[in-house]
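Undergrad: Here it is, the structure, as structure tokens.
What follows draws every value from the coordinates through simple rules; no lab data is involved. Every value quoted in this text rests on a predicted model; they were computed, and no experiment measured them. Note: ideal-geometry Cβ built from the backbone for every residue, glycine included; neighbour counts use all protein chains shown.
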Amino acid sequence: MNTIIRSTARCLRAGAAAVYLPVRAGARVWSASPPRRLLCAAADLQKDLGAMVKKDKVVVFMKGTPAQPMCGFSNAVVQILRMHGVDQYAAYNVLDDGELREGVKVFSNWPTIPQVYFSGEFVGGCDILLQMHQNGDLVEELKKLGIHSALLNAEKESK
């Protein structure tokens, strides 16, 4: 119910009319009496997501928050970023908003959460970030963003 209210409010703020489409069940399309879903805000959400990922150098859509990740993969992303000294990034908790959770999957064409973006570009999920960390690519990508990896400092100190 909250999703419908948020969707309707988003549509009204944007000046759009609410458009209801029937929910498909298998190969059948239900008529007026079964549940319907609100689809008017889909385009607005995609525009909002585009702005969200460009607003900050590093953006993470995750389950939970950096202070309290709610899944192991989200926690791994937070820990990798922390190891590199990346503390300033936008984090969006997809568990707070089902529309955001599904919308970001469509936006990136990536089926899983967490999702990481650098300067508006989709990087990948936990597995990709971990691979970049392990092969050194993450240090280089952070450098392109103007972020000096803390691992470089630790490496210099150990020599």
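Undergrad: Any idea what diffusion coefficient the range 79-159 gets from Stokes-Einstein, in µm²/s, Kirkwood Rh on alpha carbon pairs, 4 °C, 1.567 mPa s?
TA: Answer, rounded: 94 µm²/s.
Undergrad: Is there a pair in K57/K143; K105/K144; K105/K143 whose C-alpha atoms are over 19 Å apart, and which pairs would that be?
TA: Details: K57/K143 11 Å; K105/K144 26 Å; K105/K143 27 Å.
Over 19 Å apart, Cα to Cα: K105/K144; K105/K143.
Undergrad: For the ranges 76-83, 93-100, what's the packing order if you count other beta-carbon atoms within 10 Å of each residue, average per peptide, and put the highest first? Each step should come with its number before you reach the end.
TA: Values: 76-83: 18.8, 93-100: 17.0.
Ranked from most to least packed, the peptides come out as 76-83, 93-100.
Undergrad: How big is the charge dipole of the range 40-159 about its Cα centre, in debye rounded to the nearest 20, if each Lys and Arg gets +1 on its Cβ and each Asp and Glu gets -1 on its Cβ?
TA: Value, rounded to 20: 220 debye.
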